[in-house]
Amino acid sequence: MSGGRPSDTVVGMDTDEEHVVSVRGLHKAYAGRTVVNGVDLQVRAGEVLGLIGANGAGKTTTVECLQGLRRPDRGTIRVLGLDPHRDADRLRRQVGSQLQNSALPDRMRVREAVALFSGPHAADAGELLERFGLAHRHGSAFGGMSGGERQRLFLVLALLNRPRLVILDELTQGLDPAARREVWSAVARLRREGTTVLLVTHELDEAEALCDRVVAMRAGRVLDQGTPADLVARHGGWATVRFSLTDPQAAQELSSLPGVQDVSRRGEELAVTGSRAVIAHTGAWLLARGGPEGVPADLRVEIPDLETALLALLDSDHESEAA
Ligand code: ATP
(Lines give C-alpha, C1' and ligand atoms only; values in the text may rest on other atoms or scores of the structure.)
Protein backbone atom coordinates (compact mmCIF):
# COMPACT_ATOMS: atom_id res chain seq x y z
CA MET A 1 0.00 0.00 0.00
CA SER A 2 1.26 3.44 -0.77
CA GLY A 3 0.05 4.60 2.67
CA GLY A 4 2.54 2.25 4.33
CA ARG A 5 2.02 -0.40 6.98
CA PRO A 6 1.40 0.29 10.64
CA SER A 7 4.35 -0.58 12.81
CA ASP A 8 2.19 -2.39 15.38
CA THR A 9 0.13 -4.53 13.06
CA VAL A 10 -2.03 -6.85 15.14
CA VAL A 11 -1.44 -10.50 14.29
CA GLY A 12 -4.25 -11.82 12.13
CA MET A 13 -5.69 -8.38 11.41
CA ASP A 14 -6.78 -7.48 7.91
CA THR A 15 -4.32 -4.88 6.76
CA ASP A 16 -4.11 -6.42 3.29
CA GLU A 17 -5.03 -4.73 0.04
CA GLU A 18 -8.52 -6.16 0.20
CA HIS A 19 -9.65 -4.12 3.20
CA VAL A 20 -9.61 -0.35 3.05
CA VAL A 21 -11.13 -0.16 6.52
CA SER A 22 -10.74 -2.72 9.26
CA VAL A 23 -12.30 -2.19 12.68
CA ARG A 24 -12.05 -4.72 15.50
CA GLY A 25 -13.80 -4.58 18.88
CA LEU A 26 -14.54 -0.85 18.77
CA HIS A 27 -15.92 0.61 22.01
CA LYS A 28 -16.86 4.21 22.67
CA ALA A 29 -18.71 5.76 25.61
CA TYR A 30 -19.88 9.34 26.17
CA ALA A 31 -19.92 10.35 29.83
CA GLY A 32 -19.92 6.71 30.94
CA ARG A 33 -22.73 5.65 28.53
CA THR A 34 -21.56 3.08 25.99
CA VAL A 35 -22.79 3.99 22.49
CA VAL A 36 -20.47 1.75 20.43
CA ASN A 37 -20.18 -1.68 21.97
CA GLY A 38 -17.72 -4.03 20.28
CA VAL A 39 -18.18 -3.18 16.60
CA ASP A 40 -16.29 -5.16 13.96
CA LEU A 41 -16.42 -3.67 10.47
CA GLN A 42 -14.60 -4.28 7.21
CA VAL A 43 -14.82 -2.19 4.07
CA ARG A 44 -13.36 -3.94 1.04
CA ALA A 45 -11.53 -2.11 -1.70
CA GLY A 46 -13.89 -0.92 -4.42
CA GLU A 47 -17.15 -1.57 -2.61
CA VAL A 48 -19.91 0.76 -1.50
CA LEU A 49 -20.67 -0.23 2.10
CA GLY A 50 -23.79 1.13 3.79
CA LEU A 51 -24.11 1.61 7.56
CA ILE A 52 -27.80 1.41 8.39
CA GLY A 53 -29.81 1.01 11.58
CA ALA A 54 -31.84 2.61 14.31
CA ASN A 55 -31.43 6.19 15.49
CA GLY A 56 -28.64 6.47 18.02
CA ALA A 57 -27.19 3.09 16.96
CA GLY A 58 -23.66 4.52 16.97
CA LYS A 59 -23.18 4.77 13.19
CA THR A 60 -21.89 8.34 13.14
CA THR A 61 -19.72 7.76 16.22
CA THR A 62 -18.15 4.74 14.50
CA VAL A 63 -17.48 6.77 11.35
CA GLU A 64 -16.09 9.68 13.38
CA CYS A 65 -13.64 7.24 15.00
CA LEU A 66 -12.56 6.13 11.50
CA GLN A 67 -12.07 9.75 10.49
CA GLY A 68 -9.87 10.37 13.52
CA LEU A 69 -12.40 12.87 14.89
CA ARG A 70 -13.03 10.80 18.01
CA ARG A 71 -10.70 8.59 19.99
CA PRO A 72 -12.02 5.07 20.66
CA ASP A 73 -12.00 3.79 24.24
CA ARG A 74 -11.02 0.31 23.06
CA GLY A 75 -10.52 -1.59 19.83
CA THR A 76 -8.36 -1.37 16.75
CA ILE A 77 -8.99 0.74 13.66
CA ARG A 78 -6.99 0.67 10.46
CA VAL A 79 -7.87 2.89 7.53
CA LEU A 80 -5.69 2.17 4.50
CA GLY A 81 -3.47 0.32 6.96
CA LEU A 82 -3.00 3.44 9.12
CA ASP A 83 -4.19 4.51 12.54
CA PRO A 84 -6.66 7.41 12.12
CA HIS A 85 -5.36 9.23 15.19
CA ARG A 86 -1.65 8.66 15.01
CA ASP A 87 -1.46 8.98 11.22
CA ALA A 88 -4.05 11.74 10.83
CA ASP A 89 -1.85 13.86 8.57
CA ARG A 90 -1.07 11.02 6.18
CA LEU A 91 -4.69 9.99 6.00
CA ARG A 92 -6.15 13.45 5.50
CA ARG A 93 -5.58 13.54 1.76
CA GLN A 94 -6.43 9.89 1.21
CA VAL A 95 -9.88 9.99 2.77
CA GLY A 96 -12.54 12.25 1.28
CA SER A 97 -15.32 13.14 3.71
CA GLN A 98 -18.59 14.79 2.88
CA LEU A 99 -18.93 18.19 4.52
CA GLN A 100 -21.95 19.25 6.54
CA ASN A 101 -24.13 22.05 5.14
CA SER A 102 -22.86 24.51 7.71
CA ALA A 103 -19.24 23.92 6.62
CA LEU A 104 -19.23 26.50 3.81
CA PRO A 105 -20.19 30.17 4.14
CA ASP A 106 -23.13 31.23 1.95
CA ARG A 107 -21.03 33.83 0.13
CA MET A 108 -18.26 31.44 -0.85
CA ARG A 109 -18.19 30.75 -4.61
CA VAL A 110 -17.83 27.26 -6.03
CA ARG A 111 -14.38 28.05 -7.50
CA GLU A 112 -13.24 29.45 -4.13
CA ALA A 113 -14.40 26.30 -2.31
CA VAL A 114 -12.57 24.15 -4.85
CA ALA A 115 -9.37 26.21 -4.43
CA LEU A 116 -9.67 26.02 -0.63
CA PHE A 117 -9.96 22.23 -0.56
CA SER A 118 -7.44 21.40 -3.32
CA GLY A 119 -4.29 19.70 -2.11
CA PRO A 120 -0.97 19.59 -4.00
CA HIS A 121 -2.01 16.54 -6.04
CA ALA A 122 -5.62 17.48 -6.63
CA ALA A 123 -7.60 16.12 -9.56
CA ASP A 124 -8.75 18.35 -12.41
CA ALA A 125 -11.47 20.40 -10.67
CA GLY A 126 -13.00 21.52 -13.98
CA GLU A 127 -13.46 17.92 -15.04
CA LEU A 128 -15.01 16.99 -11.66
CA LEU A 129 -17.42 19.93 -11.77
CA GLU A 130 -18.35 18.95 -15.32
CA ARG A 131 -18.88 15.34 -14.29
CA PHE A 132 -21.23 16.31 -11.45
CA GLY A 133 -23.15 18.78 -13.59
CA LEU A 134 -21.78 21.87 -11.86
CA ALA A 135 -19.50 23.36 -14.52
CA HIS A 136 -21.96 26.22 -15.11
CA ARG A 137 -22.01 26.96 -11.34
CA HIS A 138 -18.30 27.79 -11.21
CA GLY A 139 -18.94 31.40 -10.19
CA SER A 140 -22.07 30.77 -8.10
CA ALA A 141 -22.28 31.46 -4.38
CA PHE A 142 -22.92 28.41 -2.17
CA GLY A 143 -25.93 30.10 -0.53
CA GLY A 144 -27.75 30.35 -3.88
CA MET A 145 -27.42 26.67 -4.78
CA SER A 146 -30.19 24.06 -4.49
CA GLY A 147 -29.93 21.16 -2.04
CA GLY A 148 -29.00 18.73 -4.81
CA GLU A 149 -26.32 21.09 -6.18
CA ARG A 150 -24.84 21.51 -2.70
CA GLN A 151 -24.62 17.76 -2.17
CA ARG A 152 -23.02 17.34 -5.61
CA LEU A 153 -20.53 20.08 -4.71
CA PHE A 154 -19.73 18.19 -1.47
CA LEU A 155 -19.07 15.11 -3.58
CA VAL A 156 -16.74 17.13 -5.83
CA LEU A 157 -14.89 18.46 -2.77
CA ALA A 158 -14.71 14.98 -1.21
CA LEU A 159 -13.18 13.61 -4.44
CA LEU A 160 -10.89 16.53 -5.16
CA ASN A 161 -7.72 15.03 -3.73
CA ARG A 162 -8.18 11.62 -5.41
CA PRO A 163 -9.08 9.87 -2.14
CA ARG A 164 -8.88 6.11 -1.82
CA LEU A 165 -11.88 6.11 0.54
CA VAL A 166 -14.93 8.40 0.46
CA ILE A 167 -17.12 8.75 3.57
CA LEU A 168 -20.66 10.05 3.07
CA ASP A 169 -23.10 10.65 5.96
CA GLU A 170 -26.81 11.26 5.23
CA LEU A 171 -26.01 12.19 1.66
CA THR A 172 -29.54 12.87 0.43
CA GLN A 173 -31.27 13.95 3.62
CA GLY A 174 -33.86 16.63 2.86
CA LEU A 175 -33.51 16.43 -0.92
CA ASP A 176 -36.50 16.21 -3.25
CA PRO A 177 -36.90 13.00 -5.29
CA ALA A 178 -35.29 14.43 -8.44
CA ALA A 179 -32.27 15.77 -6.54
CA ARG A 180 -31.89 12.43 -4.71
CA ARG A 181 -31.75 10.64 -8.06
CA GLU A 182 -29.11 13.09 -9.32
CA VAL A 183 -26.94 12.42 -6.28
CA TRP A 184 -27.56 8.65 -6.52
CA SER A 185 -26.37 8.57 -10.09
CA ALA A 186 -23.22 10.45 -9.03
CA VAL A 187 -22.52 7.79 -6.37
CA ALA A 188 -23.39 4.97 -8.78
CA ARG A 189 -20.74 6.38 -11.08
CA LEU A 190 -18.16 6.34 -8.27
CA ARG A 191 -19.06 2.71 -7.70
CA ARG A 192 -18.58 1.86 -11.38
CA GLU A 193 -15.20 3.56 -11.27
CA GLY A 194 -14.16 1.40 -8.32
CA THR A 195 -14.00 4.12 -5.62
CA THR A 196 -14.42 2.68 -2.13
CA VAL A 197 -17.34 4.39 -0.38
CA LEU A 198 -18.64 4.18 3.19
CA LEU A 199 -22.18 5.51 3.27
CA VAL A 200 -24.19 6.18 6.45
CA THR A 201 -27.86 6.36 5.60
CA HIS A 202 -31.41 6.08 6.92
CA GLU A 203 -32.76 5.92 3.37
CA LEU A 204 -33.10 2.21 2.79
CA ASP A 205 -34.10 2.51 -0.86
CA GLU A 206 -30.84 4.44 -1.22
CA ALA A 207 -28.88 1.65 0.51
CA GLU A 208 -30.60 -0.93 -1.68
CA ALA A 209 -29.85 1.02 -4.86
CA LEU A 210 -26.24 1.96 -4.13
CA CYS A 211 -24.63 -0.45 -1.69
CA ASP A 212 -22.79 -3.68 -2.44
CA ARG A 213 -23.12 -4.61 1.24
CA VAL A 214 -24.86 -3.16 4.25
CA VAL A 215 -24.09 -3.40 7.96
CA ALA A 216 -27.12 -3.08 10.25
CA MET A 217 -26.54 -1.60 13.71
CA ARG A 218 -28.62 -1.11 16.82
CA ALA A 219 -27.63 0.13 20.28
CA GLY A 220 -23.91 0.16 19.51
CA ARG A 221 -23.75 -3.34 18.03
CA VAL A 222 -23.72 -4.88 14.55
CA LEU A 223 -26.85 -7.03 14.19
CA ASP A 224 -26.21 -8.45 10.74
CA GLN A 225 -24.43 -7.69 7.50
CA GLY A 226 -24.43 -8.82 3.89
CA THR A 227 -25.69 -7.72 0.50
CA PRO A 228 -29.07 -5.95 0.64
CA ALA A 229 -30.54 -9.08 -1.01
CA ASP A 230 -29.01 -11.30 1.73
CA LEU A 231 -30.61 -9.21 4.47
CA VAL A 232 -33.96 -9.19 2.69
CA ALA A 233 -33.80 -12.97 2.24
CA ARG A 234 -32.88 -13.51 5.91
CA HIS A 235 -35.24 -11.05 7.59
CA GLY A 236 -37.72 -9.70 5.03
CA GLY A 237 -40.32 -12.44 5.25
CA TRP A 238 -42.52 -13.71 2.46
CA ALA A 239 -43.67 -12.30 -0.85
CA THR A 240 -47.43 -11.88 -1.36
CA VAL A 241 -49.50 -11.89 -4.56
CA ARG A 242 -52.95 -10.29 -4.22
CA PHE A 243 -55.85 -10.26 -6.64
CA SER A 244 -59.63 -10.58 -6.71
CA LEU A 245 -61.21 -13.82 -7.85
CA THR A 246 -64.63 -15.16 -7.00
CA ASP A 247 -63.91 -18.82 -7.87
CA PRO A 248 -64.45 -20.77 -4.61
CA GLN A 249 -61.96 -23.49 -5.66
CA ALA A 250 -59.12 -21.04 -6.24
CA ALA A 251 -57.75 -20.96 -2.67
CA GLN A 252 -57.39 -24.72 -2.51
CA GLU A 253 -55.68 -24.95 -5.91
CA LEU A 254 -53.31 -22.09 -5.10
CA SER A 255 -52.36 -23.71 -1.76
CA SER A 256 -50.80 -26.64 -3.62
CA LEU A 257 -48.50 -24.48 -5.80
CA PRO A 258 -44.74 -24.77 -5.08
CA GLY A 259 -43.46 -22.39 -2.38
CA VAL A 260 -46.90 -21.32 -1.11
CA GLN A 261 -47.09 -20.93 2.67
CA ASP A 262 -50.57 -19.53 3.02
CA VAL A 263 -53.61 -18.49 1.00
CA SER A 264 -56.13 -16.23 2.66
CA ARG A 265 -59.33 -14.67 1.41
CA ARG A 266 -60.88 -11.37 2.44
CA GLY A 267 -64.09 -10.79 0.52
CA GLU A 268 -63.21 -11.29 -3.12
CA GLU A 269 -59.49 -10.70 -2.56
CA LEU A 270 -57.08 -13.60 -2.35
CA ALA A 271 -53.60 -13.24 -0.84
CA VAL A 272 -51.05 -15.91 -1.80
CA THR A 273 -48.00 -15.79 0.46
CA GLY A 274 -44.73 -17.65 0.16
CA SER A 275 -41.25 -17.61 -1.34
CA ARG A 276 -40.54 -15.39 -4.35
CA ALA A 277 -41.17 -18.40 -6.59
CA VAL A 278 -44.85 -18.01 -5.68
CA ILE A 279 -45.00 -14.91 -7.88
CA ALA A 280 -44.15 -16.94 -10.99
CA HIS A 281 -46.30 -19.93 -10.05
CA THR A 282 -49.34 -17.82 -9.26
CA GLY A 283 -48.92 -15.90 -12.52
CA ALA A 284 -48.64 -19.15 -14.47
CA TRP A 285 -51.69 -20.54 -12.66
CA LEU A 286 -53.73 -17.45 -13.54
CA LEU A 287 -52.71 -17.65 -17.22
CA ALA A 288 -53.34 -21.39 -17.49
CA ARG A 289 -56.69 -20.96 -15.82
CA GLY A 290 -57.90 -18.42 -18.40
CA GLY A 291 -61.65 -18.28 -17.96
CA PRO A 292 -64.04 -15.34 -18.17
CA GLU A 293 -62.28 -13.30 -15.48
CA GLY A 294 -58.88 -13.51 -17.25
CA VAL A 295 -55.93 -11.97 -15.38
CA PRO A 296 -57.44 -9.95 -12.51
CA ALA A 297 -57.19 -6.21 -13.13
CA ASP A 298 -56.13 -5.57 -9.51
CA LEU A 299 -53.26 -8.12 -9.57
CA ARG A 300 -50.35 -6.85 -7.46
CA VAL A 301 -47.22 -8.18 -5.87
CA GLU A 302 -45.65 -7.23 -2.54
CA ILE A 303 -41.97 -8.12 -2.35
CA PRO A 304 -40.13 -7.51 0.92
CA ASP A 305 -37.49 -4.81 0.68
CA LEU A 306 -34.58 -3.72 2.84
CA GLU A 307 -36.85 -1.53 4.95
CA THR A 308 -39.10 -4.49 5.82
CA ALA A 309 -36.00 -6.57 6.58
CA LEU A 310 -34.37 -3.94 8.81
CA LEU A 311 -37.58 -3.32 10.75
CA ALA A 312 -37.96 -7.07 11.37
CA LEU A 313 -34.31 -7.36 12.39
CA LEU A 314 -34.55 -4.41 14.81
CA ASP A 315 -37.80 -5.79 16.25
CA SER A 316 -36.43 -9.27 16.83
CA ASP A 317 -33.30 -7.86 18.45
CA HIS A 318 -35.44 -5.64 20.66
CA GLU A 319 -37.61 -8.60 21.68
CA SER A 320 -34.66 -10.85 22.44
CA GLU A 321 -33.10 -8.07 24.51
CA ALA A 322 -36.36 -7.59 26.44
CA ALA A 323 -36.62 -11.36 27.03
P1 ATP B 1 -28.60 8.75 14.04
O2 ATP B 1 -28.99 7.74 13.04
O3 ATP B 1 -29.75 9.16 14.92
O4 ATP B 1 -27.81 9.88 13.49
P5 ATP B 1 -26.29 7.26 14.88
O6 ATP B 1 -26.48 5.79 14.69
O7 ATP B 1 -25.44 7.97 13.90
O8 ATP B 1 -27.67 7.97 15.09
P9 ATP B 1 -24.63 8.42 16.89
O10 ATP B 1 -24.82 9.79 16.34
O11 ATP B 1 -23.29 7.79 16.79
O12 ATP B 1 -25.71 7.39 16.35
O13 ATP B 1 -25.04 8.49 18.43
C14 ATP B 1 -25.02 7.37 19.29
C15 ATP B 1 -25.46 7.82 20.67
O16 ATP B 1 -24.47 8.66 21.20
C17 ATP B 1 -26.75 8.61 20.67
O18 ATP B 1 -27.51 8.25 21.79
C19 ATP B 1 -26.28 10.07 20.79
O20 ATP B 1 -27.22 10.84 21.46
C21 ATP B 1 -25.02 9.91 21.60
N22 ATP B 1 -24.01 10.94 21.29
C23 ATP B 1 -23.52 11.24 20.07
N24 ATP B 1 -22.59 12.22 20.15
C25 ATP B 1 -22.48 12.52 21.47
C26 ATP B 1 -21.69 13.44 22.21
N27 ATP B 1 -20.79 14.24 21.62
N28 ATP B 1 -21.87 13.49 23.56
C29 ATP B 1 -22.75 12.68 24.18
N30 ATP B 1 -23.52 11.78 23.54
C31 ATP B 1 -23.40 11.70 22.21
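Taking the numbered list (1) closer than 25 Å to residue 209 by Cβ; (2) loosely packed, with under 15 Cβ neighbours inside 10 Å in turn, residue 267 passes all entries but (1). If I filter region 130-146 for residues that are under 28 Å from residue 69 (Cα atoms) and at pLDDT 90 or above, do I get at least one hit? Scanning region 130-146, I find at least one residue that is under 28 Å from residue 69 (Cα atoms) and at pLDDT 90 or above, so the answer is yes. Residue 133 satisfies every condition listed in (1) of a type outside the set (Lys, Arg); (2) surrounded by fewer than 16 Cβ atoms within 10 Å (Cβ to Cβ); (3) assigned to a helix (DSSP H, G or I) except (3). Of the residues screened, residue 182 is not one that is under 27 Å from residue 74 (Cα atoms) and at pLDDT below 90.
Give region 22-42 a look and list any residue that's near the ligand (Cβ under 10 Å from one of its atoms), in a strand (DSSP E or B) and either among the small types (Gly, Ala, Ser) or over 21 Å from the mean Cα position of the chain (by Cα) (or both), or say none. Of everything in region 22-42, those that are near the ligand (Cβ under 10 Å from one of its atoms), in a strand (DSSP E or B) and either among the small types (Gly, Ala, Ser) or over 21 Å from the mean Cα position of the chain (by Cα) (or both) turn out to be 28, 29, 30, 33, 34. Between a first residue in region 44-65 that is within 19 Å of residue 24 (Cα to Cα) and among the acidic types (Asp, Glu) and a second residue that is in a loop (DSSP other than H, G, I, E, B) and within 13 Å of the ligand (Cβ to nearest atom), which pairs have beta carbons less than 8 Å apart while being 6 or more apart in sequence or on different chains? So the pair list comes out as 64/70. Do we have any residue at all in region 123-132 that's under 19 Å from residue 46 (Cβ atoms) and free of Cβ contacts under 8 Å to residues at least 12 places away in the same chain? There is no residue in region 123-132 that is under 19 Å from residue 46 (Cβ atoms) and free of Cβ contacts under 8 Å to residues at least 12 places away in the same chain. Evaluated against (1) within 29 Å of residue 202 (Cα to Cα); (2) in contact (Cβ under 8 Å) with a residue 40 or more places away in the chain; (3) among the β-branched types (Val, Ile, Thr), residue 273 falls short on exactly one condition, (2). Quick one: would you say residue 158 is surrounded by fewer than 20 Cβ atoms within 10 Å (Cβ to Cβ) and either part of a strand (DSSP E or B) or in the same structural domain as residue 51 (by TED's automatic domain parsing) (or both)? When the stated conditions are applied, residue 158 does not pass them.
The values are calculated or read from the model by the stated rules, or taken from the named source; none is laboratory data. These numbers were taken from a predicted model, which means no experiment stands behind them. So basically every Cβ, Gly included, is an ideal-geometry build from the backbone, and we count neighbours across all protein chains shown.
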